[in-house]
Amino acid sequence: MNDDLVVFDLNERNVDQILEQELLDVFDQVLADAGVFKDDAAGEAGWQNFLAEIE
């Protein structure tokens with residue numbers, strides 16, 4: 001996980017988008033830590049396919 005502090009201009013119009021992105025970032029890290037998608041071209045392709053399916 002990135003330890004850099006991120007500051008958002010949070011408001012009613014962008015709260016859903018920010019929450020979705022932050023949740024995806026955490027989920028991405030959990031899957032990486034669990035070794036679900038390997039850190040190679042095939043793993044990246046699998047991750048992109050997964051993201052396309054859930055969007």
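Structure above, values below:
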| item | result |
| --- | --- |
| Cα-based Kirkwood hydrodynamic radius, the chain, one decimal, Å | 12.8 |
| E53 - accessible surface, heavy atoms, 1.4 Å probe, Å² rounded to 10 | 150 |
| Residue-by-residue Karplus 3J(HN,Hα) for the range 19-31, coefficients 6.51, -1.76, 1.60, Hz, glycine and proline x | 4, 4, 5, 5, 5, 4, 4, 5, 4, 4, 5, 4, 5 |
| For E44, net neighbour charge (Lys/Arg +1, Asp/Glu -1) across residues whose Cβ lies under 14 Å away | -2 |
| Net charge of neighbours whose Cβ lies under 15 Å from the Cβ of D9, counting Lys and Arg as +1 and Asp and Glu as -1 | -2 |
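The values are calculated or read from the model by the stated rules, or taken from the named source; none is laboratory data. Just so it is clear, the structure is predicted and the values come from calculations on it, not from any experiment. As a convention, Cβ positions derive from the backbone with ideal geometry for all residues, glycine included, and neighbour counts pool all protein chains shown. The accessibility values were calculated without ligands, DNA or RNA, using every heavy atom of the protein model including side chains. Shrake-Rupley method; radii C 1.70, N 1.55, O 1.52, S 1.80 Å.
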